[in-house]
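Attaching a single structure in structure tokens format; questions to follow.
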Amino acid sequence: MKRLIVRQHGPPDSIETEEVERPEPGPGEVRVAVHAVGLNHLDVWVRRGVEGHRFPLPLVPGSDIAGVVDTGPRKGERVALHPATSCMACAACMAGQDNRCSQYRIRGERQDGGCAQFVVCHERDLLPIPEGMAFADAAALPLAALTAWQMLRLAEAGRGDRVLVLGGTSGVGSMAIQIARMRGCTVAATAGTPAKRERCRELGAEVVIDHYQDFRWKADVVVEHVGAATWERSLKSLDWGGRLVTCGATTGHAVDLDLRALFFKQQRLIGSTMGTRDDMRQVWLAVHSGLLQPVVGARLGMRDIARAHEALEEGSVAGKAVLVQDL
Ligand SMILES: [Zn+2]
């Protein structure tokens, strides 16, 4: 079978195609014929490299995978894959905090991902795709929805809370808007273009804000993933007793913090990465109930991965970029 491979960090066109043996499932595993892979900003970090961080190269990219089970009793079932695995045996895993496991490995980051004709995974990682949902739509959901779900849970976003979502048409942003609305919150979202702001409204944001403006919107919860470029404005938007939850630093990781405002206003800063298996179960229930809609902004072939990376880096896609199978 064919697969894409990141051998060394480099520009978008440095991702290679290679021919390898089709993988055979081990005990408890199934093989899945891949139909679509959703891209995340993580794909850009893996390809480019991150200072002070080592990725286990060579690596098959792609965290969000959708396809058809190819082996065993569930053969023929349309599925998405849980985007990460853990040891399932340590104290964190046993306590339902699998995303704190020292063996936690996101597909396409610490283990091979889905940009291939076939992948193998444990049967417990299969997420059945709702009837009528396209593979590309299913592949747009797991990682971003899981990430946003845990963020709003940790921030205790509840009925009547004002939630400010940065980058409302990004993967995490588009999910955070919808999940915050599900939790009964009032939502404002930032976006860089009129078209993106319109998309935020369609997703449920009552207030939309120009991402590049000097915005300040009093919020009980701020959903951050942009980092240095928006940090100061995000903090200034945070009301007394507010919670700022962050899962990323796309524009830079070094930020300033005035401790006086933090303690005087009794605010909380919360770090969040991915989500637990229980979060994923709830996300997938919401997907099956039609409460959580995928937001696909671009659909390309896997062979066009370089173009997809360029679009991600430009921020020109409103929603997820998804690669469909053409290897
Ligand atoms: Zn574990």
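Any chance you could run the full-extension gain for His53 through Asp214? It's 0.36 nm times the residue separation minus the Cα-Cα distance, nm to one decimal.
Working it through step by step, the gained length comes to 54.7 nm.
What list do you get for Leu146, Leu164, Leu4, Leu327 if you sort them by fewest beta carbons within 10 Å? List each step's numbers first, then the result.
Values: Leu146 26, Leu164 32, Leu4 23, Leu327 16.
Listed from fewest to most nearby Cβ atoms, that is Leu327, Leu4, Leu146, Leu164.
Write down the percent of antiparallel bridges among all DSSP beta bridges whose residues are both part of the chain, to the nearest 5. Display every interim value, and only then the final one.
Values: 29 of 55 bridges.
Here the share of antiparallel DSSP bridges comes out near 55 percent.
Output ³J(HN,Hα) for region 239-256: one whole-Hz value per residue in order, computed from phi by the Karplus curve 6.51 cos²θ - 1.76 cosθ + 1.60 with θ = phi - 60°, and x for Gly and Pro.
Using θ = phi - 60°, the values come out as 7, 4, x, x, 10, 9, 10, 10, 10, x, 8, 3, 9, x, 10, 9, 9, 9 Hz.
Starting from 0.36 nm per residue, how many nanometres of slack lie between Glu77 and Arg100 once their C-alpha separation is accounted for?
On the way: separation 23, 0.36 × 23 = 8.28 nm, distance 3.02 nm.
Full extension of this stretch gives 5.3 nm more.
I need the phi-derived Karplus couplings for region 194-201: 6.51 cos²θ - 1.76 cosθ + 1.60, θ = phi - 60°, integer Hz, Gly and Pro marked x.
In residue order, the calculated couplings are x, 5, 5, 5, 4, 4, 4, 4 Hz.
With each pseudo-label sitting 7 Å past Cα toward Cβ, what's the Leu269-Glu131 distance in nm, one decimal?
My value for the distance between the label points is 5.0 nm.
Dipole size in debye (nearest 20) for region 1-130 around its Cα centre, Lys and Arg Cβ +1, Asp and Glu Cβ -1? Walk me through the numbers before you get to the answer.
On the way: 16 positive and 17 negative charges, 35 e Å.
Dipole of region 1-130, to the nearest 20 debye: 180 debye.
Another question, if that's okay. Between Met175, Met88, Met151, find the one with the highest GNM mean-square fluctuation for the chain; connect C-alpha pairs within less than 10 Å.
Met88
Over the chain, with a Gaussian network built from C-alpha contacts below 10 Å, which listed residue (Pro27, Pro294, Pro58) shows the highest mean-square fluctuation?
Largest GNM mean-square fluctuation: Pro27.
Can you give me the long-range amide H partners of Arg299? Hydrogens built in the peptide plane at 1.01 Å from N, cutoff under 5 Å, separation of 5 or more residues or another chain.
Residues meeting the amide H criterion: Val322.
Sum -39500 (n - 2.57) across every DSSP H segment of at least 4 residues in the chain, then divide by the residue count to get the 222 nm mean residue ellipticity, nearest 500. Mind showing how you got there, number by number?
Numbers: 10 runs with 89 residues, N = 327.
That comes out to -7500 deg cm²/dmol.
With springs connecting C-alpha atoms under 10 Å apart, model the chain as a Gaussian network and identify which of Arg277, Arg105, Arg159 has the largest mean-square fluctuation.
In the Gaussian network model the winner is Arg159.
Still on this model: Return one number: the angle in degrees, 0 to 90 and rounded to the nearest 10, between the long axis of the Cα atoms of helix 142-154 and the longest principal axis of the Cα atoms of the chain.
The two axes meet at around 30 degrees.
In nm, to one decimal, how far is the modelled label at Cys87 from the one at Leu257, with both set 7 Å along Cα→Cβ?
Here the answer is 2.9 nm between the modelled labels.
Report the one residue of Cys87, Thr246, Gly52 whose Cα lies farthest in the direction of the positive end of the charge dipole of the chain (charges on C-beta: Lys and Arg +1, Asp and Glu -1; origin at the Cα centre).
Going by the Cα projections, it comes out as Thr246.
So, one more: Using unit Cβ charges (K, R positive; D, E negative) and no other charged atoms, how large, in debye to the nearest 20, is the dipole of the chain about its Cα centre?
680
Tell me which aspartates and glutamates have Cα within less than 19 Å of Lys236's Cα, excluding those fewer than 8 residues away on the same chain?
Asp161, Asp210, Asp214, Asp220, Glu224, Asp256, Asp258
Check Met88: other-chain or 5+ apart residues with amide H under 5 Å from its amide H, H built from backbone geometry?
So Met88 has HN proximity to no qualifying residue.
Can you tell me the dipole magnitude for region 215-304 around its Cα centre, using point charges on the Cβ only (Lys, Arg +1; Asp, Glu -1), in Debye to the nearest 20? Provide the component values of the computation, followed by the final result.
Values: 12 positive and 9 negative charges, 21 e Å.
Once rounded to the nearest 20, the dipole reads 100 debye.
How much FRET efficiency would the formula 1/(1 + (r/R0)^6) give for Glu156 and Trp45, where r is the Cβ-Cβ distance and R0 is 35 Å, rounded to 0.05?
Working: r = 29 Å, r/R0 = 0.83.
FRET efficiency, Glu156 to Trp45: 0.75.
Something else: Quick check on the exposure proxy: order Ser14, Ser272, Ser170 from fewest to most C-beta atoms within 10 angstrom. Don't jump to the answer; show the numbers that get you there.
Working: Ser14 14, Ser272 23, Ser170 30.
Going from sparsest to densest Cβ surroundings: Ser14, Ser272, Ser170.
On a C-alpha basis, how far is the centre of region 198-272 from the centre of region 28-88 in Å? Whole number, if you could?
Result: 30 Å between the Cα centres.
Per-residue HN-Hα couplings for region 182-188, Karplus 6.51 cos²θ - 1.76 cosθ + 1.60 at θ = phi - 60°, whole Hz, x for Gly and Pro?
Result, ordered by residue: 4, 8, x, 8, 8, 10, 10 Hz.
So, one more: Taking amide H positions as placed 1.01 Å from N in the peptide plane, with prolines and chain starts having none, which residues 5 or more places from Ile270, or on another chain, fall under 5 Å of its amide H?
Distant-sequence amide H within range of Ile270: Leu244, Val245, Thr246.
FYI, it's all coordinate maths here, none of it is from the lab. Small disclaimer: the values here were computed from a predicted structure and weren't measured. Here Cβ is always computed from backbone atoms with ideal geometry, including for glycine, and neighbour counts include all displayed protein chains.
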